[in-house]
Amino acid sequence: MNWNIEYYSSDVEDNILALPSGLLARYLRLTDMMIEHGSNLGLPHTKSLNNGLFELRLKSKEGIGRVFYCTKVGKNIVMLHSFIKKSQKIPKNEMAIAQKRLREVKENDS
């Protein structure tokens, strides 16, 4: 059975689809792999952050992007938030958005 990809909101989906073309191509390739093989592709593609929060690691000539996601029961992957990295560390405000949305998804899933 294949995995299913959902989006936290239509805004999240729109933001991902508005990524620069190289990053978007990488996102689409990795999500195709996730649908077939599951949410944990391992480094350098995915990384577990904490409490069920993961990051999809995108890299292309346009730069580096991240898409935070989580999983739900029944082989569902929920894309929570995306941004373009401009520094080595994940900015606190970007992480806070992803963690807030993760809590909401977990609360609504139980």
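We did not get these values from a lab; they are worked out from the coordinates using the rules stated. Just so it is clear, the model here is predicted, and its values are computed rather than measured. Cβ atoms come from the backbone with ideal geometry, glycine included; neighbour counts cover every protein chain shown.
Limiting things to C-alpha atoms, what are the Rg and the maximum Cα-Cα separation (Dmax) for the chain, in angstroms?
Spelled out, the Cα radius of gyration and Dmax of the chain are 13.0, 41 Å.
R0 = 30 Å: FRET efficiency of Val73 with Ser21, Cβ-based, nearest 0.05?
So the FRET efficiency works out to roughly 0.30.
For an R0 of 30 angstrom, estimate the FRET efficiency from the Cβ-Cβ distance between Asn108 and Asn2 and round to the nearest 0.05.
The computed FRET efficiency comes out at 0.85.
For the pair Lys89 and Arg29, what calculated FRET efficiency results from E = 1/(1 + (r/R0)^6), where r is the Cβ-Cβ distance and R0 = 35 Å, to the nearest 0.05?
On the way: r = 26 Å, r/R0 = 0.74.
For Arg29 and Lys89, the calculated efficiency is 0.85.
Given DSSP loops and a limit of at most 15 other Cβ atoms within 10 Å, what is the longest stretch of the chain that contains no such trypsin sites (Lys or Arg not before Pro)? The partial results should precede the final answer.
Values: sites that count: Lys61, Lys75, Lys86, Lys89.
Segment 1-60 is the longest.
Between Asp11 and Lys100, what length comes free when the chain is fully extended (0.36 nm per residue of separation minus the Cα-Cα distance, one decimal in nm)?
Extra length from Asp11 to Lys100 when fully extended: 30.5 nm.
So what is the relative contact order for the chain, in percent, with contacts set as C-alpha pairs under 8 Å and at least six apart?
In percent, rounded to a whole number, it is 27.
What shape does segment 68-110 take by its C-alpha gyration tensor, where a ≥ b ≥ c are the square roots of the eigenvalues and a/c under 1.5 counts as rounded, a/b above b/c as prolate, and the rest as oblate?
Prolate, because a/c is 1.5 or more and a/b exceeds b/c.
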